[in-house]
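This report concerns only the one structure given below.
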Amino acid sequence: MSIEEDVWRFLRSKNFSEKSTAAVMGNIYGESSFNPSEIESGSGDGFGLIQWSFERRTQLEAYGTDLTHQLNFLWAELTGDTGNTGAESQWTNVSGYLSHDNFMSGNGSINDLTAAMCFCFERPGVPRLSTRQEYAQKYYNQFTGTAGTPSADSQQSISIPSTNYQVVANSQKEGQILYGRRYRITVSDEKGNGFDVSQLRCTFSIVKTILMEPNTSEITIYNLNSQTENNIELYGTRVTVEAGYEGSQYGTIFDGDILQTIRDKEDSATYRLTIIALDSDRAVNFDIANYSIARGQTARSIVDHIVNKAQYPVSLGSISESLNNSPKLTRGKVFFGKSSDYLNQIAESNGCKYYTEDGKVNLVKLDEMPKGEIFELSPSSGLIGTPEQSDYGITGQCLLNPQIKVNSLIHIDNSLIRAKKISITGNSTVPTMGGSSTNSTRQKIIDKAKEIVQKHQEGKAVYVLGGRGTNSQGQEMYDCSIFAETCYAAAGITMSAPSSSQYSKCANGGLISSDMNRLKNEGKPGDLLFEGSGGSEHVEIYDGNGGNYAAHTANRPIPEQIRHDNNITSPYMTSWGRPKELMDADNGNPPSASGTNTTDSNTTQTPVYRSLDKDGIFRVLKVTMSGDTRGDEWYTSFTAIDQLGGIIPITAI
């Protein structure tokens, strides 16, 4: 890895913005061309990456002069958080240039940020500003999207080698032994100082999906010494997992914030520390948009604005080109609320899916081809066992491979896939008109509602207004509309909060009725009940038998916050509704990404599950990466849907 990439990763690991990072690097090029041993020609006063001179050079040399020490010293001077470096804050606000606060937040163009770094921090005798700005832009273009990596300790910098993800020799499974593994697991504090625990036995389970929720990981470290264990429990804020195989099939598979640590014993002699961590939790659940934008903005420019203004730094991943062609705002717009809700609204209104992965925001259309090559999966390239056909695609398992990500494409020869068995009497055939009121789509909604109610009774889920994801105690959070959204998502139907939006979706092509007597005769499990004008006050899920499932209020104790009632208890439920996707499911048509029927009225109804893609191309919707550094487990399990040859369904994952 080059010194330039080391510097980029170091600064980004501090949650420093990409533009400010590029500005620092443009100035480093102007000072030393990234030679950490550079000595100023002529006088010999300047030394190192930014040509420290006089007292600053003396302070650096007392602290340490290798690359890691220079980067830590630079960060201490830049932020004023000097710690044990012996450095002093060196930023001086100068009229006409960006302030320190704006620089640290990345608020400004790359040229302005580079100029501020030059004249407020570096203060060179010969600025050569245009060169610094040119290289700042170059590094921004080159490294944008490259994640940061925390340092292992004050003496060692952790870096991730570049990856082209090829399967290497001896990475196949032979007997019960898996050869060629490579991994590194590090835990770091808020300053980037960390612990490399790779020499110990570690297990991990990492789940990533194409849903608007943080990706999760559970990492267990065995037999830590007491001091390291205490430091991780007290100060650990971030965990990074790199895994794969020796050679080039290696990369980061998780980088996220620590939510909880649990210490216990597996047996009388084996201690273990379990780390629960979330990727993009702060961006999804806590980032607040509080600003206004001018008219004339497209959906793409609004996304850029939200990301650039993010309180918790994120970067852009895959963004659909269709957002550039969206209608422009005819007047200015005020943003006040969760950034993730605004991003999800943009995705919904443009037919996209919004998700986050590795700290990157992604808005993709499932009928567009993702960037990158299609990965070929076969027994010789790591496919394990026999993939199985599911309702809308396939599920399978392969050797751990960082290249298989959410929204990536894989190719599997159809002859290797086991077909789904048709059940003549089960739910795999389509219910016809006039049949049972509970088809498989509705049943999934009710099953998910029951599951959440059960979790609440066990103390694993709570009511939180506006809640989404999990809290610091690891409890799932729901309010009424997010409860409905989650239950519908289990059936493959997008029903985005708040309740007023859910009401509008039922009214747009579906069914809305204020006749509650009609509900008794025509209501079916999974229909929605609304309170207030336009459903603005409250929403519940009808159980099909006069009762309801709902997240009610935080003003009651567990288990009464989220519950099932045998009767509709609120007299204020004034209307009920049914989205078009449920009406289609009643007619035997599974939900689809386009919202259109998957069967024509003039054709014979088809089974709920789809035939395999004729070209064997599948898009990955969910990956679960699991490993044991001292055991056999070292796998990626995946759920994928058909990519070509028709409408791409929304499927529960």
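The values are calculated or read from the model by the stated rules, or taken from the named source; none is laboratory data. Computed from a predicted model, the values in this text were never measured in an experiment. No Cβ is skipped: glycine too gets one built from the backbone with ideal geometry, and neighbour counts run over all protein chains shown.
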Within the stretch 485-519, considering residues that are closer than 13 Å to LEU211 by Cβ and part of a helix (DSSP H, G or I), the one farthest from the chain's Cα centre (by Cα)
TYR488
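Okay, residues lined up against (1) surrounded by 15 or more Cβ atoms within 10 Å (Cβ to Cβ); (2) of a type outside the set (A, V, I, L, M); (3) within 25 Å of THR216 (Cα to Cα):
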| position | (1), (2), (3) |
| --- | --- |
| VAL241 | yes, no, yes |
| SER268 | no, yes, no |
| TYR271 | yes, yes, yes |
| ASN285 | yes, yes, yes |
| VAL314 | yes, no, yes |
| ASN325 | no, yes, no |
| LYS328 | no, yes, no |
| ASP341 | yes, yes, yes |
Against the condition touching a Phe, Trp or Tyr at 6+ places or on another chain (Cβ under 9 Å) and surrounded by 15 or more Cβ atoms within 10 Å (Cβ to Cβ), how does SER408 come out, does it pass?
yes
Since ASP101 meets every condition but one in (1) within 19 Å of ASN15 (Cβ to Cβ); (2) surrounded by 14 or more Cβ atoms within 10 Å (Cβ to Cβ), which condition does it not meet?
(2)
Quick one: would you say GLN70 is in a helix (DSSP H, G or I) and either buried (at least 17 other Cβ atoms within 10 Å of the Cβ) or at pLDDT 90 or above (or both)?
yes
Report yes if LEU409 is more than 30 Å from ASN308 (Cα to Cα) and either modelled with pLDDT of 80 or more or of a type outside the set (Asp, Glu) (or both), otherwise no.
no
Qualifying position, being modelled with pLDDT under 90, buried (at least 21 other Cβ atoms within 10 Å of the Cβ) and in the same structural domain as GLN59 (by TED's automatic domain parsing), among ALA87, ALA136
ALA87
For the stretch 206-325, please list each of the helices (runs of 4 or more DSSP H) lying entirely inside it that holds at least 1 residues being touching an Asp or Glu at 6+ places or on another chain (Cβ under 7 Å) and modelled with pLDDT of 85 or more.
226-235
Against the definition (within 24 Å of the chain's Cα centre (by Cα) and over 21 Å from SER17 (Cβ atoms)), how does LEU343 come out, yes or no?
no
Among what's in the stretch 434-484 and is touching a residue at least 60 places away in the same chain (Cβ under 8 Å) and in a strand (DSSP E or B), pick the residue that is surrounded by the fewest Cβ atoms within 10 Å (Cβ to Cβ).
VAL462
